[in-house]
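In what follows, a single structure is set out as structure tokens and then discussed.
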Amino acid sequence: MKIQKFIFSPFQENTYIVWDEDTKDAIIIDPGCLSKSEESELLNFIKINSLEVKYLFNTHGHLDHIFGNAFVKSTFNPIHFAPQKDLPLFEKAQEQAESFGLTMKKSPTPDFFFDESKNIKFANREIKLLFTPGHTPGEFCIYFPNEKTCFTGDVLFNQSIGRTDLWGGNYETLMHSIKSKLLVLPNETTIYAGHGEKSTIYYEKLNNPFLN
């Protein structure tokens, strides 16, 4: 499994492409491409590597993580998964963008909603969905157990945690999500967050000031 990170928009959001080297099947996680140049950067990478985008995943509904939803859906027509409880954020995203002086395309309605009780199959791999609310009411982390890789959105960062002062945020809920869903993963699990650099579960246990 291969992973490519892009840093997009004024929010410096991490957009990820995950793909299988053999099948070239790919997933785009949290497309934050806002400008034409960012859309082109994403598109060119996919073309150069001959990838076929099968899925579009949104860990949560904040605007910086869904800026590129309309572009990705219209260009590649992947199966779109997102958290149902974050739909109000999707619906208000354009209005929020305007408050920052930005213009974004309306995000399409997801094809399916994440369900923690149902794993997703991808290129002979199993994707486990972890319901981790607290930063938003509906956020999910995307865990590849065989690869010991987890995409943590804005739940857990390198030496930090997600904000809880935004709509639907709750500090106690977030901490419960982190401790019950993420810190129980194998220590060697690599985490890829929605902002900043990657880390590991073990490193965060030792060094994250919010967890100690």
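The values are calculated or read from the model by the stated rules, or taken from the named source; none is laboratory data. This is a predicted model, so every value here is computed, not measured. Neighbour counts are summed over all protein chains in view; Cβ atoms, including those assigned to glycine, are modelled from backbone coordinates with ideal geometry.
Taking the condition under 17 Å from the mean Cα position of the chain (by Cα) and modelled with pLDDT of 95 or more, does Pro31 pass? Criteria met by Pro31.
Looking across Asn14, Asn58, Asn49, Asn44, one residue alone is within 12 Å of the chain's Cα centre (by Cα), at pLDDT 95 or above, over 18 Å from Lys105 (Cα atoms) and not hydrophobic (A, V, I, L, M, F, W, C). It is Asn14. Hey, could you check segment 17-41 for residues that are free of Cβ contacts under 8 Å to residues at least 40 places away in the same chain and part of a loop (DSSP other than H, G, I, E, B) and say which is farthest from Ser107 (Cα to Cα)? Only one residue fits best here, namely Glu21.
Looking only at residues of segment 147-192 that are among the small types (Gly, Ala, Ser) and modelled with pLDDT of 95 or more, we find that the one that is nearest to Ile66 (Cα to Cα) is Gly153. Restricted to segment 160-171, and to residues that are out of contact with any Pro (no Cβ under 7 Å at 6 or more places or on another chain) and part of a loop (DSSP other than H, G, I, E, B), which residue is farthest from Glu204 (Cα to Cα)? Ranking the qualifying residues of segment 160-171, first place goes to Trp167.
Each row is one residue, and each column tells you yes or no for (1) among the aliphatic types (A, V, I, L, M); (2) over 17 Å from the mean Cα position of the chain (by Cα); (3) within 20 Å of His60 (Cα to Cα); (4) part of a strand (DSSP E or B).
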position: Ile178; (1), (2), (3), (4): yes, no, yes, no
position: Lys181; (1), (2), (3), (4): no, no, yes, no
position: Tyr192; (1), (2), (3), (4): no, no, yes, yes
position: Pro209; (1), (2), (3), (4): no, yes, no, no
position: Asn212; (1), (2), (3), (4): no, yes, no, no
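Among the residues of this structure, Glu126 does not count as one that is out of contact with any Leu (no Cβ under 9 Å at 6 or more places or on another chain) and closer than 16 Å to His65 by Cα.
Candidates Phe67, Phe76: the one that is among the aromatic types (Phe, Trp, Tyr), within 25 Å of Thr132 (Cα to Cα) and modelled with pLDDT of 95 or more is Phe67.
For (1) touching a helix residue (DSSP H, G or I) at 6+ places or on another chain (Cβ under 7 Å); (2) surrounded by fewer than 19 Cβ atoms within 10 Å (Cβ to Cβ); (3) within 20 Å of Thr136 (Cα to Cα); (4) not aromatic (Phe, Trp, Tyr), each residue gets a yes or a no:
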site: Lys5; (1), (2), (3), (4): no, yes, no, yes
site: Asp30; (1), (2), (3), (4): yes, no, yes, yes
site: Asn44; (1), (2), (3), (4): no, yes, no, yes
site: Glu52; (1), (2), (3), (4): no, yes, no, yes
site: Asn58; (1), (2), (3), (4): yes, no, yes, yes
site: Lys73; (1), (2), (3), (4): no, no, no, yes
site: Pro83; (1), (2), (3), (4): no, no, yes, yes
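Tell me, yes or no, whether segment 53-72 has at least one residue that is assigned to a helix (DSSP H, G or I), acidic (Asp, Glu) and in contact (Cβ under 8 Å) with a residue 12 or more places away in the chain. Checking segment 53-72: at least one residue is assigned to a helix (DSSP H, G or I), acidic (Asp, Glu) and in contact (Cβ under 8 Å) with a residue 12 or more places away in the chain.
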